[in-house]
Amino acid sequence: MDPHRNLRVNDAVREELTELVEYELDDPRLTDVRVTHVEVSPDMRHAAVKIEGESKVLAALEHAQPYLRHELAARLNLRRVPELHFSVDAHPDADTRVEILLRRAKKASRPTPDSQ
C-alpha cells in the first residue's frame, strides 16, 4: 500500500474510532477512554489501536469490537475493514510530541522569501 494512503487510513480510522468510543458507546466502563494512535497494517487486515485509559477498559472495547467494525464499514469507504486490536498506550503524549517536533523542523528548514 502507498505510504501516504496508509497514513490517511490510519488517521481516518483513528478519527472515527475516537468519535465512536468517546461519544456513541453507552458503556459506563468507557467514560475516560481516549484513542491515541491507530496503525493499520499494509494489507488492511489488522489495526493496532492504542488507547489512553485503564487496562480494565480493554474488555469493554473487545466486547464492542463487532459494533465498532460495523460502524467503520458504514462510515469509511474501505475494501476491508481491519480487525481491531486494542492496547493501553504507555506514553500517550509521545506521538503528539514527535509530530509537533517534526512540524517545527519542517518549518525551520523551509527557505524564507528573503533568503532566496
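What length, rounded to one decimal in nm, is gained on full extension from residue 11 through to residue 45, with 0.36 nm per residue of separation minus their alpha-carbon distance?
10.6 nm
Shape call for the range 1-62 from the C-alpha gyration tensor, a ≥ b ≥ c root eigenvalues: rounded (a/c under 1.5), prolate (a/b greater than b/c) or oblate? It comes out prolate by the Cα gyration axes.
Throughout, read-outs are computed from the coordinates displayed, never taken from laboratory work. It should be emphasised that the depicted structure is a prediction, and the values quoted were computed from it without experimental measurement.
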